[in-house]
Each structure stands twice: as structure tokens, then as C-alpha cells.
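Notes for the one structure printed next.
The values are calculated or read from the model by the stated rules, or taken from the named source; none is laboratory data. Not measured: the values here are computed from a predicted model. Neighbour counts are summed over all protein chains in view; Cβ atoms, including those assigned to glycine, are modelled from backbone coordinates with ideal geometry. For accessibility, only protein heavy atoms count, side chains too; no ligands or nucleic acids. Shrake-Rupley method; radii C 1.70, N 1.55, O 1.52, S 1.80 Å.
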Amino acid sequence: GIPTSVALPFGVFEKVLADEANKEVEQKLQILKKKLGGDFGALEEIRQTVLQLRAPSQLVQELKTKMLTSGMPWPGDEGEQRWEQAWTAIKKVWASKWNERAYFSTRKVKLDHDYLCMAVLVQEVINADYAFVIHTTNPSSGDTSEIYAEVVKGLGETLVGAYPGRALSFVCKKNNLNSPQVLGYPSKPIGLFIRRSIIFRSDSNGEDLEGYAGAGLYDSVPMDKEEKVVVDYSSDPLINDGKFQQAILSSIAGAGNAIEELYGSPQDIEGVIRDGKVYVVQTRPQM
């Protein structure tokens, strides 16, 4: 499965910026971009300026129609404040084009920052029982016949973010997907859980380029904050129920293998499990 999603594609940011209601913002951005040549402190000013953009009514209506026809919740139905939360999140994704890490990384590899475009994937957040990351080539050994994956309770931020403790890790041979081998047991004390919500994910033409590990440079912004919950792995069926563990880990490995076959190259995959079903949140080439 994949989470329900719609996209604000390349060019939408530029069109919003060119709207008459955002004339002052556009002029200020032009001044700040010139200033950026010799003053990198302007990056923060640019991000703050992008947050001043107003949403054209045509954009709001189009996004509402697309989300509702896709079966996603429309934030505006919960009040104007919820829509403003969503609009701010969209602008934060666009503004992340000018975050320090991304700006200096693209300069280093001589990518012209002016040609970078930012799309926003509007994706429903699945309140996960477990989250996982898969590398379809074992990153430790370079073994292309072996999948390596890590699993945690709750959402994946505890896996990809700077949260203490270990995830459950396992390997699985591609020619024997029903026999995962656990390498390490989890010790993360915190799990993240969330209400039915939306996340706004970045996607730019400055990522996933050949020979350049630019993935994850830009920001993804959830509408709502996750709830931190103290978790006990010792009582979890992922640890104490052999059949359940084998079924879950095999299904993760199977998803990884299928996606690698689809794209024809090693993949770095993020996903979640809800009620025993695997959902793939994103995949990109493994560097």
C-alpha cells in the first residue's frame, strides 16, 4: 500500500510568488537573493520572507478539490486555523530550498541554485504500529543478494531522527524472503504516535542525482506534532511472538525486493505497518 497523497508540482511556488497579492514578497526576495552573494545570513531572511506568501484563492480551491476527491481530509473543514497550519507547512517546505545544509551542499557540487524547483507532496499520515527503513543492498557488507532493514514501534522519526537507542535490525536473502535473520534487538525507549493527519514532504530536482547523495536535504513538515510514548518492546509481539515476527519481517523484505525489481537498482525505502499491512512512504536510489 501507499498513503493517499496529492502533489503541488514544480512551478506552483513560482506561480504563487508571481501572484499580484505577493508582489511585495517577490520584490523582497529579489533583493535578498542579491544580498546572498556575499551574506549567507540572508538565508534565514529568505526563509522568513517565503512564510509571508498569501495563498491565491485558485490554489486553495484546486488543492481542496484534489484532496477531497482523493479521500483525504481537508484541513479547512476543521476551521480557518487548521487551513493556516497547512498553508504554513507548505510554505516551510518551499522555504527549505534555502536552508543552510541544502544551499551549501548544492554549491559544493556546482548545482545552480536558481534552477532548483521544489514540489510538495501532500501525504496522509498513517498512524503506524511500526515503521521501517530498508536498504536493498546490505550497506555494511555491500552484499547485493541481501536486504538489510531496521524496524521501530510507532512513526519512523525515531528511526531516521536523532533519537537514542537501537532499532530491531535484520537481514534477509533475496532468494529466501521467508527467512529473515534478526541481527539486533531494539532498545529505543520512545515511540511516536499521531492522530489522523497530513505531512507535507519536499521533493526537488536537486536530489537523487547520479553520483550525488542529495536525499533528505530539504524539509518535510507535519501538520501536527507527534505524541511521545514510552514503549516496552519486551511485551511486543514483534519480539515475543516468533510467527508474528517472521510474518512482519518477511513482508518488509518482500516489499523491498519488489521495489528494487521495479526500479532496477538498489533502493533506500521508508515505510510503515498498520494492522499488519505494509505501506511504502517513499523510496529513492541507495547511495
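Relative to the Cα centre, what is the charge dipole magnitude of the range 5-124, using +1 at the beta carbon of each Lys and Arg, -1 at the beta carbon of each Asp and Glu, and rounding to the nearest 20 debye?
Approximately 500 debye in magnitude.
Once you have all Cα-Cα distances for the range 207-287, histogram them in 5 Å bins from zero and send the whole-percent values.
3, 11, 16, 18, 17, 16, 12, 5, 1
In debye, nearest 20, what is the charge dipole magnitude of the chain about its Cα centre with +1 on Lys and Arg Cβ and -1 on Asp and Glu Cβ, if you could check?
260 debye
Could you pull out the pairs from Lys66/Lys225; Lys28/Lys97; Lys33/Lys97; Lys225/Lys277; Lys92/Lys225; Lys34/Lys97 whose alpha carbons sit more than 19 Å apart here?
Lys66/Lys225; Lys225/Lys277
Roughly how tilted is helix 242-263, in degrees to the nearest 10 and between 0 and 90, from the longest Cα axis of the chain?
Approximately 50 degrees, to the nearest 10.
Please quote Rg/Rh for the range 58-178 to two decimal places, taking the Kirkwood radius as Rh and restricting both calculations to Cα atoms.
Value, to two decimals: 1.07.
Working from Cα positions, state the angle (0 to 90°, nearest 10) between the long axis of helix 80-95 and the longest principal axis of the chain.
Between helix and principal axis, roughly 90 degrees.
Only loop residues by DSSP count here, and only those with at most 15 other Cβ atoms within 10 Å; note down the chymotrypsin sites (Phe, Trp or Tyr not before Pro) in the range 1-72 that meet that.
Phe10, Phe40
If you plug each phi of the range 105-122 into the Karplus form 6.51 cos²θ - 1.76 cosθ + 1.60 with θ = phi - 60°, what whole-Hz ³J(HN,Hα) values come out, in order, with x for Gly and Pro?
Result, rounded to whole Hz: 5, 5, 4, 4, 9, 6, 7, 6, 4, 5, 8, 6, 10, 10, 9, 10, 8, 9.
Would you work out which of Pro3, Gln286, Gly161 lies farthest towards the positive end of the dipole of the chain? Charges go on Cβ: Lys and Arg +1, Asp and Glu -1.
Of the listed residues, the answer is Gly161.
Take Cys117, Cys172 and sort them by solvent-accessible surface of the protein heavy atoms, 1.4 Å probe, largest at the top.
Ranked from most to least accessible, the order is Cys117, Cys172.
On average, how much accessible surface per residue is there in the chain, in Å², for a 1.4 Å probe, leaving out ligands, DNA and RNA?
Here the residues of the chain average 50 Å² of exposed surface.
Mind sorting out which of (1) 27; (2) 49; (3) 30 is the real percent of Cα pairs over 33 Å apart computed from the coordinates?
Computed from the coordinates, percent of Cα pairs over 33 Å apart corresponds to (3).
Treat the range 141-287 as a sphere of radius equal to its Kirkwood radius over Cα pairs and apply Stokes-Einstein at 4 °C in a medium of 1.567 mPa s; give the translational diffusion coefficient in µm²/s, rounded to a whole number.
Value of D from the Cα-based Kirkwood radius: 78 µm²/s.
Write down the Å³ per residue value for the convex hull defined by the alpha carbon atoms of the range 5-124.
107 Å³
What order do Glu261, Glu14 take when sorted by accessible area (1.4 Å probe), most exposed first?
Largest accessible area first, the residues go Glu261, Glu14.
Got a number for the accessible area of Asp143? Probe 1.4 Å, square angstrom, nearest 10.
50 Å²
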